[in-house]
1. With the crude spin-label approximation of a point 7 Å out along Cα→Cβ, what separation in nm comes out for residue 160 versus residue 66?
2. Among 77, 26, 36, rank each residue by its count of other Cβ atoms within 10 Å, from fewest to most, as a rough exposure measure.
3. Fewest Cβ neighbours within 10 Å first, please rank 158, 41, 110 accordingly.
4. Please give the peptides 81-87, 165-171, 59-65 ranked by average Cβ packing (other Cβ atoms within 10 Å per residue), highest first, as a rough proxy for protection.
5. What angle, in degrees between 0 and 90 and rounded to the nearest 10, separates the Cα long axis of helix 120-144 from the longest principal axis of the Cα atoms of the chain?
6. Can you give the relative contact order of the chain as a percent, counting alpha carbon pairs under 8 Å and 6+ residues apart?
7. If the chain were replaced by its equivalent ellipsoid, with semi-axes equal to the square roots of 5 times the Cα gyration tensor eigenvalues, what would those be, largest first, whole Å?
8. For 45, 17, 143, what's the fewest-to-most ordering of other Cβ within 10 Å of each Cβ?
């Protein structure tokens, strides 16, 4: 453990108490939870009536899996953002944190495109854009703090899988 790990501050960041760090982490968790709830709200408009009528690829996961996977991924995303933010805040890390916020918005937007508009083609365009944004965020976070980038790897893998599912649904319907 270095002196930095033991609680000293970096030259570019003001000292922050453990309580302040916890509040900041909860802020990132809250932001990610808000995106998850917004996407869930858009999804709820079609998941019970329109989505079951679609032909899905054989590798489409069971619906209960989404309720397990997404909260875990959103927590990992929040933790990654917090770790990046701790390396100088928005003043120093505007680009990676801006990418994070952009991908978070596009993530929520996908639910409106796919489920809200009931459009696999609009969803596919949205998720392809999301793939690019998440990869850019992952690489950007990795350059700031590798563990922060590493925390986004499961999310990136999941949305690549979701892209394949979305493409399959688009193709079959």
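A short reminder: the numbers here are calculations on the coordinates, not readings from a lab. Just so it is clear, the model here is predicted, and its values are computed rather than measured. As a convention, Cβ positions derive from the backbone with ideal geometry for all residues, glycine included, and neighbour counts pool all protein chains shown.
1. Here the answer is 2.2 nm between the modelled labels.
2. In order of increasing Cβ crowding within 10 Å: 26, 36, 77.
3. 41, 158, 110
4. On the way: 81-87: 22.0, 165-171: 17.6, 59-65: 10.3.
Order by mean packing, descending: 81-87, 165-171, 59-65.
5. Value to nearest ten degrees: 20.
6. Numbers: 181 pairs, mean separation 49.2, N = 173.
The value is 28 percent.
7. Over the Cα atoms of the chain, the ellipsoid semi-axes are 35, 15, 13 Å.
8. Exposure proxy ranking, most exposed first: 17, 143, 45.
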